[in-house]
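Coordinate-derived values only; no laboratory data. All values derive from a computational prediction rather than experimental measurement. Ideal geometry is used to build each Cβ from the backbone, glycine not excepted, and the neighbour counts take in all protein chains shown.
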């Protein structure tokens with residue numbers, strides 16, 4: 001399991017803590033595989049990596065079960081199920097000064113072998129580093145330092161889309177959209193991760209490093225688990241109610257996958273939990289209200305969805321609304337109508353809003369629409385509904401659309417402005433204030449991990 005706070009820079013971090021002697025559970029029947037060998041654990045920043053070797057005896061290994069305790073905020077209840085070829089597993093989001101027990105067990109069919117356990121104590125102080133990834137106008141995946149220092153570096157060329165895991169590995173669709181290409185963070189040669197697929201460019205990932213996309217043939221959201229080359233359907237979209245229905249999908253950092261189809265009165269949502277349990281719900285607008293046309297969907301790391309709607313008529317306004325986990329009604333969250341850019345991390349939604357606003361219909365009026373589009377308001381909302389606001393400067397919105405950027409764990413926001421007075425790639429500090437331009441070039445599909 002992974003957390004989206006560890007990047008290539010963290011790989012060189014000092015290993016803190018130590019390796020505890022491995023201990024084995026009682027013996028299992030002879031038809032089961034033997035115990036894994038050479039089980040070790042090492043740590044860096046807020047993560048720990050468990051490694052092991054194959055058993056020396058017993059039945060043929062068909063897979064592995066790796067578990068962490070205490071579970072705390074780990075996806076899948078702290079249990080990873082890995083293919084037979086796996087020899088390591090990585091866990092993130094560890095709590096400082098907490099001692100964890102990691103157990104590794106070989107599996108053969110329905111038989112499980114002896115578990116071997118090791119312990120690791122997370123350091124008292126954790127420093128993490130992130131990177132910003134983006135797609136340039138030529139289809140190259142470019143990595144920037146999250147703190148805004150230095151220039152971007154091409155890490156994968158000629159792509160139509162991408163995603164990345166928390167150690168900086170990048171994944172892109174092949175040119176014919178039938179394979180996923182794996183570009184290691186260490187710069188070594190790219191290789192094929194999985195084949196025989198029906199990919200769409202918009203690859204996505206979760207904290208655990210699982211990959212997702214919409215199948216271009218079936219239309220269902222597919223999941224490729226870590227360490228596997230075989231994909232399976234994670235969740236299907238609810239059926240369209242009429243010709244005006246629209247669909248969006250989102251993956252939370254915890255691995256929750258949601259597929260949303262709009263209706264005249266709200267929407268239908270199919271949600272798959274990290275363990276694969278699918279639930280379905282009907283969500284509604286407040287009585288007598290109509291939000292408009294579905295235009296965007298974001299997910300945090302705790303089940304909250306943020307839904308963007310384009311208002312009907314001549315307004316041209318795109319607004320965001322909250323749909324908490326398991327809720328069946330929307331929550332109005334925005335403090336004002338504005339030109340805006342939104343981004344979400346595991347805990348918070350951030351919206352950058354303009355100083356002034358005018359309706360789209362005003363654009364064609366004799367006086368035109370001459371307002372201050374400078375992004376001056378930084379609005380932040382967490383999953384509990386608590387909000388904060390700060391002032392910003394330096395960026396001008398270029399249009400009216402559900403623009404989506406990216407944000408790191410600390411709340412710094414990254415947006416791509418596609419024209420107007422301040423084109424380019426920008427970083428807005430979590431504390432507000434003046435924005436920093438990272439590049440004057442055009443980028444899309446921003447991702448921070």
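Worth pointing out:
- Put a dot 7 Å past the Cα of residue 124, heading toward its Cβ, do the same for residue 393, and the two dots end up 4.1 nm apart.
- Sorted by Cβ neighbour density within 10 Å, fewest at the top, the residues 392, 407: 392, 407
- Among 195, 265, sorting on how many other beta-carbon atoms sit within 10 Å of each Cβ, with the fewest leading, yields 195, 265.
- Of [x] 23.1, 86; [y] 22.9, 78; [z] 27.1, 100, the label for Rg and Dmax of the Cα atoms in Å derived from the coordinates: [x]
- All Cα-Cα separations within region 50-153 were binned at 5 Å from zero, giving a P(r) of 2, 10, 17, 14, 12, 11, 12, 10, 7, 3, 1, each value a whole percent of the pairs.
- Counting beta carbons within 10 Å around each of 245, 131 and listing the fewest first gives the order 245, 131.
- Relative contact order of region 145-218: 24 percent, from C-alpha pairs under 8 Å at least 6 residues apart in sequence.
- When only alpha carbons are used to place a centre, region 114-163 and region 42-104 end up 21 Å from one another.
- Backbone N under 20 Å from the residue 232 label point (7 Å along Cα→Cβ), restricted to region 75-93: 75-87
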